[in-house]
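Please treat every number below as a calculation from the coordinates, not as lab data. The model shown is predicted, which means the values in this text are computed figures rather than measured ones. Positions of Cβ are generated from backbone atoms using ideal geometry, with glycine treated the same way; all protein chains shown enter the neighbour counts.
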Amino acid sequence: MLGGMQDWELRISTLIDHAAREHAGREIVTRWADGNETRTSWAGIRHDALRMVQALRRLGLRPQDRVATLAMNHSCHLVSWFGAIGAGCILHTVNPRLFDEQLDYIVNHAEDRVLIYDAAFQPLVERMRPRWPTIEHYICFDSAECAPSFEDWIGREDGDAQWEEGSERDPAMLCYTSGTTGNPKGVLYEHRSTILHTMAACQPAVLALEPRSVVMPIAPMFHAASWGMPWACAATGAKYVCCANNDPATLLGLMEREGVSHVAGVPTVWLSLIQYCDARGQDLPPIRQALAGGSALPAAIIERLMRSGVRVAHAWGMTETSPIMTIAYEPAVWDARDFDAQVRFKALQGRPQFGAEVRAVDLDDHSRELPRDGKTAGALQVRGPWVIKRYFKAEADAVQAEGQWFDTGDVAVIHPDGTLQLTDRTKDVIKSGGEWISSVDLENAAIGHPAVAEAGCIGVYHPKWDERPLLLVVRKPGMEVSAEELRAYLSDKIAKWWLPDAVEFLDELPHTATGKISKKDLRAMFADYRLEA
Ligand code: AMP
């Protein structure tokens with residue numbers, strides 16, 4: 001027997017249709033890098049997105065062709081999301097903080113045909129252009145000086161077009177993650193996975209969005225779809241406020257003027273906002289909810305926000321999980337807890353939202369599910385309709401079977417009430433201010449120095465960036481090299497912001513039974529290591 005309900009593909013175009021129909025005049029505010037402020041509305045975004053659909057078709061773009069953006073958060077970037085996806089293309093948000101080898105790799109791997117970029121990235125585009133043979137059309141979001149401007153490009157069209165029709169399982173958006181060793185990997189979101197994640201994310205126990213909400217996602221649009229905030233704002237008709245730079249004074253001024261209620265950012269951003277206010281004896285703007293994720297949110301920040309009456313939503317997720325999986329929303333027993341217990345709860349990574357499943361398995365061979373006892377740490381695995389099944393262009397044997405769990409590379413304890421507590425990582429990476437540094441690539445670069453016998457790199461706590469690299473080096477017998485000489489040697493081999501903050505010299509490094517450097521032991525040895533701010 002068939003069910004009796006209508007056929008309704010869960011397509012991203014239905015989101016913008018809804019926003020433009022039911023919340024037509026609700027504003028989208030942009031503060032541009034040059035200080036200029038512009039306003040449009042959900043109806044305006046839809047009209048411009050339809051003009052972009054026409055412009056893409058005029059260029060000969062076909063469904064599933066890749067359209068890349070290299071841009072900060074602004075309304076034209078938002079138009080390009082609905083426009084590229086509405087034309088049936090796959091939107092690829094390129095992270096401008098990647099270094100040249102990664103930028104080279106991902107654009108060629110994605111086979112992007114169009115690149116739409118901010119004028120601020122013109123030097124990067126100039127530099128990379130010879131290495132990006134697949135890109136046929138360059139368009140600039142905010143200037144007509146070096147390439148056709150976005151406004152002129154879509155300005156020739158009248159918006160009298162239809163969205164590309166198709167299946168809800170069609171791909172819609174491509175985000176690369178460099179959160180592992182080797183080349184970055186592409187995560188290909190579908191229309192369906194995006195809509196389901198959006199519907200879940202708007203819930204009161206997740207982002208708590210509603211038509212009165214005024215949302216400022218500081219999380220960049222090139223990082224896991226700005227955590228899904230643009231989609232969730234369209235679904236609820238929230239006002240959307242974006243800023244093309246992350247300077248605390250500008251962000252706080254904008255929050256105050258626009259009546260921002262919901263803000264999303266990595267802990268480093270929260271720290272800089274709080275430090276700015278505290279240094280001036282100034283109150284935080286009256287925001288209602290602070291969403292934080294990407295790395296662990298320190299208790300001191302949580303306490304400061306809660307004392308200002310802000311609801312703290314500490315979330316855990318990954319690019320591979322769309323991204324939100326768990327969030328520290330208030331449990332039924334919340335009001336019975338004292339303030340300190342509430343802060344402690346919010347410092348954990350929260351409980352799964354409906355649609356997300358998490359479990360911890362033994363670290364040795366992942367064959368045994370561990371008890372939710374709040375004590376036993378294991379490899380964190382997840383599954384659900386917005387969790388990755390295969391990376392973009394992965395070999396057929398790398399596709400997970402039905403119902404299989406995805407290995408996150410994080411190590412966690414699960415408490416009896418289902419609360420997740422991240423304790424470590426098995427992946428060899430360091431997360432600095434929300435961006436990844438590959439410890440293996442750093443070690444390989446260090447090993448190239450003639451006086452280095454062995455090098456191990458770990459992340460250590462840093463008060464501003466959460467983690468920074470510490471390089472541990474064994475010198476070759478009878479050879480000398482100083483920390484400064486090593487940093488100078490590395491400076492043209494890795495991105496500047498990857499340079500280790502400190503180098504320590506040891507007689508030997510700890511090894512595992514299979515002869516690999518034991519990062520676990522190194523982390524334990526340097527657990528109390530303190531870097532200067
Ligand atoms: P990305 O794919 O770049 O968003 O990075 C995902 C990774 O960031 C996770 O696998 C974790 O290692 C880390 N992460 C994300 N959220 C948190 C959190 N709330 N606490 C600690 N680590 C986090």
Revision key, fill the gap. Going residue by residue through the range 153-168, the Karplus relation 6.51 cos²θ - 1.76 cosθ + 1.60 with θ = phi - 60° gives ³J(HN,Hα) values, rounded to whole Hz and with x marking Gly or Pro, of 4, 7, x, 7, 9, 9, x, 8, 9, 10, 5, 5, 8, x, 8, 5
**Study point:** Amide N proximity, the range 186-230 versus Gln6 label position 7 Å along Cα-to-Cβ, cut-off under 19 Å
**Key:** 192, 195-196, 199
Review point. Relative to the longest principal axis of the chain, what angle (0 to 90°, nearest 10) does the C-alpha long axis of helix 12-22 take?
Key: 60
Review point. When the helix-only estimate is applied to the chain (DSSP H runs of n ≥ 4, each -39,500 (n - 2.57), divided by the residue count), what is the mean residue ellipticity at 222 nm, nearest 500 deg cm²/dmol?
Key: -8000 deg cm²/dmol
**Study point:** Under 11 Å, Cβ to Cβ, from Arg212 - net charge with Lys/Arg +1 and Asp/Glu -1
**Key:** +2
Point to revise | Longest to shortest principal axis, alpha-carbon extents of the range 194-284, angstrom | key: 42, 26, 23
**Study point:** Residue order, fewest to most surrounding Cβ atoms within 10 angstrom, among Cys457, Cys243
**Key:** Cys243, Cys457
Practice item. Going by C-beta contacts inside 10 Å, put Phe339, Phe99, Phe150 in order with the fewest on the left. Key: Phe339, Phe99, Phe150
Exercise for review: Please express the shape of the range 1-83 as an equivalent ellipsoid: the semi-axes are the square roots of 5 times the eigenvalues of the C-alpha gyration tensor, given largest first in whole angstrom.
Suggested key: 28, 19, 11
**Study point:** Nearest-ten-degree value, helix 267-279 long axis tilted from longest Cα axis of the chain
**Key:** 90
Revision key, fill the gap. Pairs over 23 Å Cα to Cα, from Lys476/Lys516; Lys389/Lys496; Lys375/Lys464; Lys389/Lys464; Lys476/Lys519, come to Lys389/Lys496; Lys375/Lys464; Lys389/Lys464
Check your understanding: So, in Å, what gap is there between the alpha-carbon centers of the range 65-142 and the range 469-485?
Key -> 40
Practice item. Using the number of other C-beta atoms within 10 angstrom as an exposure proxy, rank Lys375, Lys519 with the fewest first. Key: Lys375, Lys519
Check your understanding: For the peptides 44-54, 250-260, what is the packing order when you average, over each peptide's residues, the other Cβ atoms within 10 Å and list the highest mean first?
Key -> 44-54, 250-260
Exercise for review: Specify the angular offset, from 0 to 90 degrees and rounded to the nearest 10, of the alpha carbon long axis of helix 42-58 from the longest principal axis of the alpha carbons in the chain.
Suggested key: 90
Exercise for review: Specify which residue in the list Ala455, Ala513, Gly434 is farthest towards the positive end of the charge dipole of the range 428-525, using unit charges on the beta carbon of Lys, Arg (+1) and Asp, Glu (-1), about the Cα centre.
Suggested key: Gly434
Exercise for review: Considering the options Gln381, Asn95, Ala147, tell which one lies farthest towards the positive end of the dipole of the chain, charges being +1 on Lys and Arg and -1 on Asp and Glu at the Cβ, about the Cα centre.
Suggested key: Gln381
Check your understanding: To the nearest 20 debye, what is the magnitude of the charge dipole of the range 428-525 about its Cα centre, counting +1 on the Cβ of each Lys and Arg and -1 on the Cβ of each Asp and Glu?
Key -> 200
Study note, to complete from the structure: Applying the gyration tensor rule to the Cα atoms of the range 428-525 (axes a ≥ b ≥ c; rounded if a/c under 1.5, else prolate if a/b exceeds b/c, else oblate), the class is oblate
Practice item. Indicate the gyration tensor shape class of the range 1-141 (rounded, prolate or oblate), computed on the Cα atoms with a ≥ b ≥ c the square roots of the eigenvalues: a/c under 1.5 is rounded; otherwise a/b larger than b/c is prolate and the rest oblate. Key: oblate
Check your understanding: Order of 487-497, 79-89, 386-396 by packing, highest average Cβ count within 10 Å first?
Key -> 79-89, 386-396, 487-497
Point to revise | Normalised per residue, the volume of the convex hull around the Cα set of the chain (Å³) | key: 175
